[in-house]
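Trainee: Below: one structure in structure tokens.
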Amino acid sequence: MRPLGCSLVLMAFSLGGLTCERTQRSSDSAEQRAEVEKMKPKIDCFLNVNRSESDIVANLRFENHSQVAFSIPRWTLLTDGEMTWDAFEVTRDSDAVPYDCKTIKRGEPMEDDLVVLHPEGTFETATVISLCYDFAQHGEYSVRYRAYVSEPNGKELLEINSEAVTVVVQ
């Protein structure tokens with residue numbers, strides 16, 4: 001029995017040394033993570049919805065709040081004013097309003113397909129969302145932009161979302 005107790009004491013001492021070493025490494029990696037975090041893209045999206053007699057227009061502003069330039073495909077930013085994918089979450093009185101336009105599946109973007117958002121840079125665009133989502137019924141609509149783009153490392157997705165905006169149709 002005695003040798004077993006001795007082994008436990010030695011094992012606890014060894015683990016204690018490892019714990020201390022792990023704490024140091026953990027501290028180093030926290031600093032490294034903070035540095036990596038500063039270099040990660042942070043794209044904010046602001047949505048404003050205007051309603052005219054016949055159309056509902058989404059005005060979007062994208063802002064790069066990171067220290068690195070970030071390239072985003074033009075179709076993700078809706079640069080041509082044409083929607084080719086389900087870019088918005090739209091609900092009417094809490095019920096989902098389906099996207100009802102064409103969807104184009106795309107491959108990897110080429111250089112000409114990209115918009116570069118430089119550090120602290122902005123990009124603004126507008127698109128008529130009532131062409132792709134049915135706003136014909138009376139009610140309270142909630143509209144929110146949401147997209148996912150590959151980060152420069154190609155391993156992670158960056159989520160770009162706006163706050164939800166309310167549109168009342170009477």
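The values are calculated or read from the model by the stated rules, or taken from the named source; none is laboratory data. Treat the numbers as computed from the prediction; the structure is a model and nothing was measured. All Cβ positions, glycine included, derive from the backbone under ideal geometry; neighbour counts span all protein chains shown.
Residue by residue, here is whether (1) closer than 18 Å to E124 by Cβ; (2) surrounded by 19 or more Cβ atoms within 10 Å (Cβ to Cβ); (3) of a type in the set (V, I, T); (4) without any contact (Cβ under 8 Å) to a residue 12 or more places away in the chain holds:
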{"residue": "N48", "(1), (2), (3), (4)": "yes, no, no, no"}
{"residue": "S52", "(1), (2), (3), (4)": "no, no, no, yes"}
{"residue": "N59", "(1), (2), (3), (4)": "yes, no, no, no"}
{"residue": "E63", "(1), (2), (3), (4)": "yes, no, no, no"}
{"residue": "V68", "(1), (2), (3), (4)": "no, no, yes, no"}
{"residue": "P73", "(1), (2), (3), (4)": "yes, no, no, no"}
{"residue": "T76", "(1), (2), (3), (4)": "yes, yes, yes, no"}
{"residue": "T79", "(1), (2), (3), (4)": "yes, no, yes, no"}
{"residue": "A87", "(1), (2), (3), (4)": "yes, yes, no, no"}
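Trainee: Next up: On the phi > 0 side of the Ramachandran plot and under 17 Å from the mean Cα position of the chain (by Cα): which single residue out of L78, L47 fits that description?
Mentor: L78
Trainee: Please specify each residue of the stretch 27-46 satisfying the condition of being exposed (fewer than 12 other Cβ atoms within 10 Å of the Cβ), hydrophobic (A, V, I, L, M, F, W, C) and at pLDDT 75 or above.
Mentor: A30
Trainee: Which of the residues belonging to the stretch 105-125 are touching a Phe, Trp or Tyr at 6+ places or on another chain (Cβ under 7 Å), over 21 Å from V57 (Cβ atoms) and surrounded by fewer than 16 Cβ atoms within 10 Å (Cβ to Cβ)?
Mentor: R106
Trainee: Show the residue pairs that are 6+ apart or on different chains and have beta-carbon atoms under 9 Å apart, the first residue being within the stretch 143-170 and surrounded by 11 or more Cβ atoms within 10 Å (Cβ to Cβ), the second being outside any strand (DSSP E or B) and of a type in the set (F, W, Y).
Mentor: Pairs found: V143/Y133; A147/W85; V167/F135; V169/F135.
Trainee: Right, here's the next one. Can you find even one residue in the stretch 80-97 that is under 19 Å from L157 (Cα atoms) and of a type in the set (F, W, Y)?
Mentor: Within the stretch 80-97, one or more residues are under 19 Å from L157 (Cα atoms) and of a type in the set (F, W, Y).
Trainee: So in the stretch 126-142, with the set limited to residues that are closer than 16 Å to T166 by Cβ and of a type outside the set (G, A, S), which one is surrounded by the most Cβ atoms within 10 Å (Cβ to Cβ)?
Mentor: I129
Trainee: While we're looking at this one, here's another question. Tell me which residues, restricted to the stretch 62-112, are among the aromatic types (F, W, Y) and over 28 Å from S130 (Cβ atoms).
Mentor: F70
Trainee: Consider the stretch 109-138. How many of its residues are farther than 12 Å from V97 by Cα and touching a residue at least 40 places away in the same chain (Cβ under 8 Å)?
Mentor: Residues flagged as farther than 12 Å from V97 by Cα and touching a residue at least 40 places away in the same chain (Cβ under 8 Å) within the stretch 109-138 amount to 17.
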